[in-house]
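Heads up, the thing below is written out as structure tokens.
The values are calculated or read from the model by the stated rules, or taken from the named source; none is laboratory data. As the structure is a prediction and not an experimental result, all values here were calculated from the model. Methodologically, a virtual Cβ is constructed for each residue, glycine included, from the backbone with ideal geometry; neighbour enumeration extends over all protein chains shown. Each accessible area value is taken on the protein alone, full model and side chains, heavy atoms only, with ligands, DNA and RNA left out. Shrake-Rupley method; radii C 1.70, N 1.55, O 1.52, S 1.80 Å.
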Amino acid sequence: MIPMYPHKDIPNAPTSQANFGLWYDKFCNQWSEDNLWSFKKKEWIEQAESFRFNDRDIVHEFVSRRVQMIQSLGGRFWVFETLSPFVTGLGRTHPVENGMVWDYLSGLPFIPGSSIKGALKASNRQYFENHYDITERFTIFDAIPLGSVTLRGEIMTPHYAPYYQKQESPGDWFSPTPIPFLTVPKGQRFLFSIVAPSEHLNRIEEWLEETLTWAGLGAKTAVAFGRFRRIQAEEQRLIREFEETLAQKRQAEQMQSLSPVEQELLADGYHDNSDRFMQALTQKWLDKMEDVTLPEDDRILIAQKLKDWYLKNKNQEWNKPKNKKNQQKIARIKKVL
Amino acid sequence: MQSQMIGLLTETAMHPGASQSAGAIDLPVQRERSTGYPVIVGSSLKGSLRDYFESIWGKGERVDNLFGKRDEVGHVSITDGRLLLLPVRSLQHAFVWITCPYLLERFQRDLLLSGRKVSWSVPGVSSSQVIIAGLSENSTLFLEEFAFTVHNHPELKEIAQDIAPLMAHHSARARLADQLAIIHDKDFGYFAQYGLPVNARNQLDNNKISQNLWYEETLPADTLLYYLALAVENDSLTPFIEQISASPYIQLGGNASIGQGYCIQNPWKNQSKEELS
């Protein structure tokens, strides 16, 4: 293993496939050598702002896996969108002085379950006068990003650092110090999920929505950071998507349990397209039914299936065929049966 | 004898805690004494499985039969939850799944124990090299802050095909062939020892003053482990496997209330064989 610093292949900026959390934590490349190892914070933040993660498949996979798990465990999920900048993990160490928490796998910002739990407990005490009973056992999952995340720089400018830090008097001779830091801007959606006994879910939903709307989440809520609004349309879309994949999976399983002949019949529109199947019946299935090289069981199965199809789709014809063509076909089927 | 390998793919970060340490991390994860690789020890895995079955079947004879009671041995034996793939952050992918020759050899032996003889042999790899598909020969793969020289290997695909049945999700299986990376045992040992995510947790009082700050280590989501369920008598495993297939999610390790430790289980099945029959 070769340590990274002298390596020729290190890119100047993260590629759109890279794990941005890794880049942010370990590949700081904005050091200025002329000023005794100072860190060019502004340039670093600008680099972060221009980053776009384009592995959408993986973000989508994590979202649908989370939805599947929550549905299977009998919990509930919600989609919330940031209404103001959001940031968490400012306490983490980093050359820009303020870190950020990154989802380990996607390298995108996320909201740890422990932060959500802490915010719920605090809002219950501070705003809701212990209205929400928190003794019930429930599980709060990390909130994960829906889709890629853009990042935006913000600046805080403490004017009276010695007053804040060393409790000196707040004189106007102190110089303001601008400190750039990264945030998740307005309009970013996150998937929140909680598993709890079903009788408590409605209350938890109300509590979570009130907390995210009014109390806020993450750092700097006192200057209106970290407020969210709920996007119910997106929740419904996720549920529909989940149900569709479930139906597809069931159908695939059903298909696998069928014999090859039945699978082929279905592929020719046996259930869903009577015109197309009529054509396939005339051109392929009648001949196949009489093909003596096939096992007898298969031929009888085909005949039976064709009879069922007639009874279902052209009941009249089966009993009293009107035209000659149909008469012939039906006679052939009856013969095999 | 009946034996079944069961895959454990973590859906969220997992903290199978070792409860204490003398190091910088307050709450590390359990590790194997001999290798230093993370592990879920058999006794805690069996306890969690028992709890999982009791929550579905209720306490009583059925669960006691499988897992035993004070004076009576149960029908099922559970091995350690063994690590097979560890996700590590990269600059070329969001992350890759690393493993090493030693883990593959153990996986091969465990597959043999559950009745599957594999056709691949464990590839050799030297330090600072990585065997991975999808990147060109001799290019560089960055894992955390380390650079590895890429080598392609013809057997990687076969190995991926035998690992894939441990994963319940088609989407994860589809990524496996491109994200599977084999590195030297020693290099793997480094990531297993120092490469796991460490989270800072903080408890604030009403004035937002820190009361307690601690660091805990977790296995990231998408870590792949597996265990073997063994039974002396034939068929006594069948209800166990059926139940696991019917409700595959299980919670293991600490921090359950903040969503940690959720895994999806998948009994290993030879798919290509099934498709043929």
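Somewhere in the stretch B:257-275, is a residue assigned to a helix (DSSP H, G or I), within 10 Å of chain A (Cβ to nearest Cβ), open to solvent by less than 30 Å² (accessible area, probe 1.4 Å) and without any contact (Cβ under 8 Å) to a residue 24 or more places away in the chain? The answer is yes, given that some residue of the stretch B:257-275 is assigned to a helix (DSSP H, G or I), within 10 Å of chain A (Cβ to nearest Cβ), open to solvent by less than 30 Å² (accessible area, probe 1.4 Å) and without any contact (Cβ under 8 Å) to a residue 24 or more places away in the chain. Scan A:306, A:286, A:301 and give me the residue that is touching an Asp or Glu at 6+ places or on another chain (Cβ under 9 Å) and either touching a residue at least 60 places away in the same chain (Cβ under 8 Å) or within 14 Å of residue A:337 (Cα to Cα) (or both). Every option except A:301 fails the conditions. Just to verify a result, which residue in the stretch A:181-229, among those that are among the charged types (D, E, K, R) and over 19 Å from residue A:124 (Cβ atoms), is farthest from the chain's Cα centre (by Cα)? Top of the filtered list is A:220. Can we say residue A:135 is open to solvent by 50 Å² or more (accessible area, probe 1.4 Å) and modelled with pLDDT under 85? It is true that residue A:135 is open to solvent by 50 Å² or more (accessible area, probe 1.4 Å) and modelled with pLDDT under 85.
In this structure, does residue A:93 turn out to be over 15 Å from residue A:191 (Cα atoms), of a type in the set (Ser, Thr, Tyr) and touching a helix residue (DSSP H, G or I) at 6+ places or on another chain (Cβ under 8 Å)?
Values: over 15 Å from residue A:191 (Cα atoms): yes; of a type in the set (Ser, Thr, Tyr): yes; touching a helix residue (DSSP H, G or I) at 6+ places or on another chain (Cβ under 8 Å): no.
So residue A:93 does not fit the description; no.
Where strands (runs of 3 or more DSSP E) fall wholly inside the stretch B:1-103, the ranges with 1 or more residues that are surrounded by fewer than 21 Cβ atoms within 10 Å (Cβ to Cβ) and of a type in the set (S, T, N, Q) are B:2-10, B:76-78.
Residue pairs whose Cβ atoms lie under 7 Å apart, separated by 6 or more positions or on different chains, with the first residue in the stretch A:160-188 and within 19 Å of residue A:93 (Cα to Cα) and the second of a type in the set (Lys, Arg) and open to solvent by 90 Å² or more (accessible area, probe 1.4 Å), are A:180/A:42; A:183/A:152.
Would the stretch B:104-117 turn up any residue that is surrounded by 21 or more Cβ atoms within 10 Å (Cβ to Cβ) and modelled with pLDDT of 90 or more? Outline the logic, then answer.
Restricting attention to the stretch B:104-117, the residues satisfying the condition of being surrounded by 21 or more Cβ atoms within 10 Å (Cβ to Cβ) are B:107.
Now restrict to residues that are modelled with pLDDT of 90 or more: B:107.
Yes; the residues of the stretch B:104-117 include at least one that is surrounded by 21 or more Cβ atoms within 10 Å (Cβ to Cβ) and modelled with pLDDT of 90 or more.
Selection of the stretch B:148-170 for residues being within 29 Å of residue A:10 (Cα to Cα) and within 14 Å of another protein chain (Cβ to nearest Cβ) yields B:148, B:149, B:150. A count restricted to the stretch B:187-215 and to residues that are more than 19 Å from the chain's Cα centre (by Cα), surrounded by 13 or more Cβ atoms within 10 Å (Cβ to Cβ) and not small (Gly, Ala, Ser) stands at 5.
Starting from residues that are among the aliphatic types (A, V, I, L, M) and open to solvent by 20 Å² or more (accessible area, probe 1.4 Å), keep the ones in the stretch B:126-136 and report whichever is nearest to the chain's Cα centre (by Cα). Give the steps one after another, and end with the answer.
Restricting attention to the stretch B:126-136, the residues satisfying the condition of being among the aliphatic types (A, V, I, L, M) are B:130-133, B:135.
Adding the requirement that they be open to solvent by 20 Å² or more (accessible area, probe 1.4 Å) leaves B:133, B:135.
Numbers: B:133: 22, B:135: 25 Å.
Ranking the qualifying residues of the stretch B:126-136, first place goes to B:133.
If you check residue B:250 against the conditions, is it within 12 Å of chain A (Cβ to nearest Cβ), touching a strand residue (DSSP E or B) at 6+ places or on another chain (Cβ under 9 Å), of a type in the set (A, V, I, L, M) and without any contact (Cβ under 8 Å) to a residue 12 or more places away in the chain?
no
Contact annotation: residue pairs with Cβ atoms under 7 Å, 6 or more positions apart or on different chains, pairing a residue in the stretch B:231-244 that is in contact (Cβ under 8 Å) with a residue 60 or more places away in the chain with a partner that is of a type in the set (A, V, I, L, M) and part of a helix (DSSP H, G or I), are B:240/B:66; B:243/B:56.
What about residue B:235, is it away from chain A (no Cβ under 12 Å), open to solvent by 50 Å² or more (accessible area, probe 1.4 Å) and touching a helix residue (DSSP H, G or I) at 6+ places or on another chain (Cβ under 8 Å)?
Working: away from chain A (no Cβ under 12 Å): yes; open to solvent by 50 Å² or more (accessible area, probe 1.4 Å): yes; touching a helix residue (DSSP H, G or I) at 6+ places or on another chain (Cβ under 8 Å): no.
No: the conditions fail for residue B:235.
Check the stretch B:182-190 and report whether any residue there is assigned to a loop (DSSP other than H, G, I, E, B) and closer than 20 Å to residue A:62 by Cβ. No, every residue in the stretch B:182-190 fails to be assigned to a loop (DSSP other than H, G, I, E, B) and closer than 20 Å to residue A:62 by Cβ.
The C-beta contact set for the stretch B:121-138 (first residue within 12 Å of another protein chain (Cβ to nearest Cβ), second residue in a loop (DSSP other than H, G, I, E, B) and surrounded by 15 or more Cβ atoms within 10 Å (Cβ to Cβ), distance under 8 angstrom, 6+ apart or interchain) comprises B:126/B:184; B:127/A:1; B:127/B:184; B:128/A:1; B:128/B:184; B:129/B:184; B:135/B:92.
Would you mind finding the one in A:144, A:116, A:155, A:70 that is within 12 Å of another protein chain (Cβ to nearest Cβ), part of a strand (DSSP E or B) and on the phi < 0 side of the Ramachandran plot? Steps first, answer last, please.
On the way: A:116 fails: part of a strand (DSSP E or B); A:155 fails: within 12 Å of another protein chain (Cβ to nearest Cβ); A:70 fails: part of a strand (DSSP E or B).
Just one listed residue meets the conditions, A:144.
Residue A:62 satisfies every condition listed in (1) in a helix (DSSP H, G or I); (2) open to solvent by 40 Å² or more (accessible area, probe 1.4 Å) except (2).
Please pick out the residue among A:316, A:256, A:283 that is part of a helix (DSSP H, G or I), within 32 Å of the chain's Cα centre (by Cα) and polar (S, T, N, Q).
On the way: A:316 fails: within 32 Å of the chain's Cα centre (by Cα); A:283 fails: within 32 Å of the chain's Cα centre (by Cα).
The unique qualifying residue is A:256.
If we scan the stretch A:21-30, do we find a residue that is modelled with pLDDT of 90 or more and at the interface with chain B (Cβ under 8 Å from one of its Cβ atoms)? No: zero hits.
Would you confirm whether any residue within the stretch A:189-204 is open to solvent by 90 Å² or more (accessible area, probe 1.4 Å) and touching a Phe, Trp or Tyr at 6+ places or on another chain (Cβ under 7 Å)? Yes: one or more hits.
Of all the listed residues (A:54, A:98), the sole one being in contact (Cβ under 8 Å) with a residue 12 or more places away in the chain, in contact with a Pro (Cβ under 9 Å, 6 or more places away or on another chain), open to solvent by 10 Å² or more (accessible area, probe 1.4 Å) and in a loop (DSSP other than H, G, I, E, B) is A:98.
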